[in-house]
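Heads up, the thing below is written out as structure tokens.
The values are calculated or read from the model by the stated rules, or taken from the named source; none is laboratory data. Predicted model only: the values in this text are computed from it and were never measured. Glycine gets a Cβ as well: all are built from the backbone with ideal geometry, and neighbour counts include every protein chain shown.
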Amino acid sequence: MKTRDLKTFSVKLQEMLKTNLETIRMETTDPVGVACKSFETAKSSLMELKKFIHNYSFTTRQEEVSFFKEIKPLFMSQYYYYEHMLGLKINEPIGGKESVLRFYNQKLKHIRKQIKKQAELHTYCLTNSTHLDDKFFIRGTNANNPNEDENFTSWHDSTLARLIANQMMRDYLQSIIIKTDTPVNTEEKTLLTWTGPKTHLIELIYALHLTEALNKGNTDLKQIASTFERVFNINLGNFYRVLQEIKFRKNDQAFFLTQLKEKFIKRIDELDQN
């Protein structure tokens, strides 16, 4: 990335991070491996951002506030989140469901306590307050901590990043507790079976993910794919590789989605004629 524009650089870096994290989730089956690789990827992106800032001069005070209040916490929260996730997966008990649920609930209780401690900052950001921005998100206000890089640190950007990471971890723990504690209905699994080509289903999954049509966008690609595999009784395998094959199609790269659109419009036209 050769651009010297902060906004352009950060958007491209964020897109790259998102793509790399999705690739890891699709290509790695071991939960510890996913967490480890994701942590290293998030760390690498954060270091890229730090390197950029060390050679960049903010054009205005507001740009500096925006960086430490909005941009840096996005990257640093991913770093903290996967740091939490790595520790979670390494220490997860191997025993039965009860011991696993006990472990998850203990972690969730701890995370909720941390979020409660950060309630004041959460309220400040949630209400779009700005009166303390010069104190919270400007460099030089954290001089009492000799371990921080003053050129890359404001007083509260790390606190905000930890808050975001804790909220992400809370949501993950809540969902995994529900999933672990919910009996699997084996009868529902065989009600529907996907009989079309796997590539068609993968096109649909990617489209739903990219349009943030599920959970308001707060879900990852692998989670959507796993749900479709369970509902439609199919094993999609390495769907990242399939995406690469779709990418290099000579004709329509969204063949199935185009077909869906055409058939839907045709049916609507038929209804209008009746």
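At-a-glance table
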item: Residue in region 110-120 that is buried (at least 20 other Cβ atoms within 10 Å of the Cβ), in contact (Cβ under 8 Å) with a residue 60 or more places away in the chain and within 28 Å of residue 220 (Cβ to Cβ) present; result: yes
item: Cβ-Cβ under 9 Å pairs, at least 6 apart or on other chains, region 46-71 side free of Cβ contacts under 8 Å to residues at least 60 places away in the same chain and closer than 14 Å to residue 161 by Cα, far side part of a helix (DSSP H, G or I) and hydroxyl-bearing (Ser, Thr, Tyr); result: 46/79
item: Whichever residue in region 1-42 is among the basic types (Lys, Arg) and surrounded by 16 or more Cβ atoms within 10 Å (Cβ to Cβ) and, among such residues, is farthest from residue 224 (Cα to Cα); result: 37
item: Enumerated helices (runs of 4 or more DSSP H) restricted to region 1-119, each holding at least 2 residues that are among the hydrophobic types (A, V, I, L, M, F, W, C) and out of contact with any Ser or Thr (no Cβ under 7 Å at 6 or more places or on another chain); result: 6-27, 31-54, 72-91, 97-117
item: Residue in region 203-233 that is surrounded by the fewest Cβ atoms within 10 Å (Cβ to Cβ), counting only those that are aliphatic (A, V, I, L, M) and under 17 Å from residue 175 (Cα atoms); result: 214
item: Unmet criterion (only one of (1) within 20 Å of residue 27 (Cβ to Cβ); (2) at pLDDT 80 or above; (3) within 15 Å of the chain's Cα centre (by Cα)) for residue 221; result: (2)
item: When residues of region 43-77 are limited to those that are polar (S, T, N, Q) and under 21 Å from residue 124 (Cα atoms), the one surrounded by the most Cβ atoms within 10 Å (Cβ to Cβ); result: 77
item: Selection status of residue 124, outside any helix (DSSP H, G or I) and either surrounded by 16 or more Cβ atoms within 10 Å (Cβ to Cβ) or in contact with a helix residue (DSSP H, G or I) (Cβ under 8 Å, 6 or more places away or on another chain) (or both); result: no
